[in-house]
Amino acid sequence: MISNLKPKEATAIINSLLGGVVPKIGVQHITVGRSPEVEAFLSALEDVKNGHSIVKFWIGEFGSGKSFMLHLLNTVALKQKFVVANADFTPDNRLYSNDGKGVALYAAIMDNVSIQTKPEGGALPTLLDKWIEQIMMQTAQSNGISLGEIRDEQHQQLVQNDIMKTVNEITEVGGFDFAWVVVKYYEGFIKEDDLLRRNALKWLKGEYKTKTEARADLGVREIINDLNYYDMLKNFCKLFVSIGYSGFMINLDEAINLYKISTSVMREKNYEKILSIYNDCFQGKISNLFINFAGTKEVLENPRRGLFSYQALKSRLETNKFETQQIRDFAQPVIRLMPLDHNEIFVLLKKLKLVFDFNYKIDLAVTDTDIQQFMEELFNKPGANEFLTPREVIRDFLNILSIIRQNPNVDKKKLFGDLEIKDERPNETILADIEEL
């Protein structure tokens with residue numbers, strides 16, 4: 001039995017993995033073979049807690065567990081009292097743009113803000129409410145009035161003044177507008193005006209398209225846009241720390257979508273933004289921020305389209321020349337995720353069988369010997385060495401468990417014999433392989 005596994009986590013694990021995606025919760029129950037990476041990450045988290053900022057690049061082949069690793073990092077960071085947010089790069093979400101794609105990435109990040117009590121996202125209102133209650137308490141204490149009295153209309157200006165003062169102290173670029181909108185959120189909070197709170201949240205999440213609309217709703221002069229969204233992320237980082245959190249961790253997955261940007265100028269501008277963030281973090285220009293990028297080897301190393309095509313990034317991200325598969329350096333910015341070996345995959349499949357049984361409240365007649373036979377069949381198929389990924393192994397195994405659950409008398413050996421290997425890599429990865437030939 002897997003200890004501390006919750007029914008909600010078991011369902012998320014099974015349903016997500018059957019769908020070919022990483023579960024948002026519960027990944028710690030099925031983690032194998034990543035202890036050194038997690039230990040190094042915990043050490044890095046301590047540095048960030050102490051005021052440093054860090055950027056990491058998690059590099060691995062398609063299906064090797066990059067997204068899984070980011071979700072595991074989430075779980076670890078949430079337990080260390082970090083605010084965590086996740087977003088994927090897409091054709092419409094990127095770091096640099098002049099047509100709304102930068103602020104679209106920001107909106108995705110802010111929509112997915114998580115804390116330990118809300119690990120699936122949507123925690124921004126909870127954090128703002130908590131911070132406002134702290135300000136109200138501090139204002140009441142400094143003015144010698146009760147918490148009940150501070151809610152009275154005649155004292156609300158005192159709280160608004162303290163909100164403006166506190167936000168202006170912890171913010172830099174765009175601080176006044178940021179503070180003004182937080183005051184509006186406070187007004188909605190204290191007057192139970194849901195529309196005003198929603199409009200303030202809409203602004204803070206970068207969802208206003210025009211200044212005119214924002215001015216009409218909130219009386220604010222600016223909106224969050226492609227040019228200033230990164231400053232707002234830094235403002236939020238400081239705000240979260242002022243509330244009492246350890247820091248702000250942002251995970252950005254699917255970096256292949258930056259690699260795929262067709263125009264070299266726009267691709268370079270996005271890499272320039274990565275360089276700017278990297279320099280901010282490692283030169284001490286910002287505190288308590290941890291940013292993780294995840295991508296394939298091509299995204300990092302391709303000399304024409306990858307991060308290495310931008311010389312300033314290449315010089316910072318080249319692997320420690322003394323590192324080998326046996327001797328690893330987890331302190332460097334780039335962490336290469338090595339494939340799980342067969343023993344680790346066997347342990348993973350055993351764990352998945354336990355989660356599956358727990359989820360469906362059954363005990364399937366699938367033994368360790370059956371799991372070994374499944375692996376032998378799969379790994380001996382033509383193309384297995386070249387194309388087989390942990391994602392496909394997991395999905396095939398869970399699909400077989402689903403068949404056995406619903407058809408207890410099915411011939412397991414026949415199911416194992418029907419396994420096929422397909423090249424599941426995206427077209428871009430295949431094209432990159434061809435380009436290198």
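The values are calculated or read from the model by the stated rules, or taken from the named source; none is laboratory data. None of the values given here were measured: they were computed from a predicted structure. Backbone-built Cβ (ideal geometry, glycine too); neighbour counts: all protein chains shown. Just the protein is used for accessible areas: all its heavy atoms, side chains included, with ligands, DNA and RNA removed. Shrake-Rupley method; radii C 1.70, N 1.55, O 1.52, S 1.80 Å.
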Single residue of segment 319-334 satisfying the filter (open to solvent by 60 Å² or more (accessible area, probe 1.4 Å) and either among the aliphatic types (A, V, I, L, M) or modelled with pLDDT of 90 or more (or both)) that is farthest from residue 8 (Cα to Cα): 327
What are the pairs, 6+ residues apart or on separate chains, where a residue within segment 27-46 that is on the phi > 0 side of the Ramachandran plot has its Cβ under 7 Å from a residue that is at pLDDT below 85 and not in a helix (DSSP H, G or I)? 33/340
For segment 78-99, name all the residues that are open to solvent by less than 30 Å² (accessible area, probe 1.4 Å), assigned to a loop (DSSP other than H, G, I, E, B) and out of contact with any Gly (no Cβ under 7 Å at 6 or more places or on another chain). 89, 97
Residues satisfying the stated conditions in segment 333-377, i.e. among the charged types (D, E, K, R) and touching a strand residue (DSSP E or B) at 6+ places or on another chain (Cβ under 7 Å): 336
Give the residues of segment 106-126 that are buried (at least 19 other Cβ atoms within 10 Å of the Cβ) and within 23 Å of residue 165 (Cβ to Cβ), sorted by residue number. 124
I'd like the full set of residues that are touching a Phe, Trp or Tyr at 6+ places or on another chain (Cβ under 7 Å) and within 28 Å of residue 28 (Cβ to Cβ), limited to segment 106-128. 127
Matching entry among 75, 31 (being within 24 Å of residue 240 (Cα to Cα) and either modelled with pLDDT under 90 or of a type in the set (A, V, I, L, M, F, W, C) (or both)): 75
Out of (1) touching a residue at least 40 places away in the same chain (Cβ under 8 Å); (2) within 29 Å of residue 280 (Cα to Cα), the odd one out for residue 197 is which? (2)
Tell me the helices (runs of 4 or more DSSP H) entirely within segment 277-365 that contain at least 1 residues that are polar (S, T, N, Q). 311-317, 342-360
Could you say which residue among 179, 140 is under 16 Å from residue 128 (Cβ atoms), among the small types (Gly, Ala, Ser), touching a Ser or Thr at 6+ places or on another chain (Cβ under 9 Å) and open to solvent by less than 60 Å² (accessible area, probe 1.4 Å)? 179
Could you check residue 251 against (1) within 21 Å of the chain's Cα centre (by Cα); (2) in a helix (DSSP H, G or I) and say which number it fails? (2)
Selection from segment 335-358 of residues over 19 Å from residue 390 (Cβ atoms) and crowded, with 19+ Cβ neighbours inside 10 Å yields 358
Within segment 1-28, can you find the residues that are open to solvent by 20 Å² or more (accessible area, probe 1.4 Å), of a type in the set (Gly, Ala, Ser) and modelled with pLDDT of 85 or more? 12, 16, 19
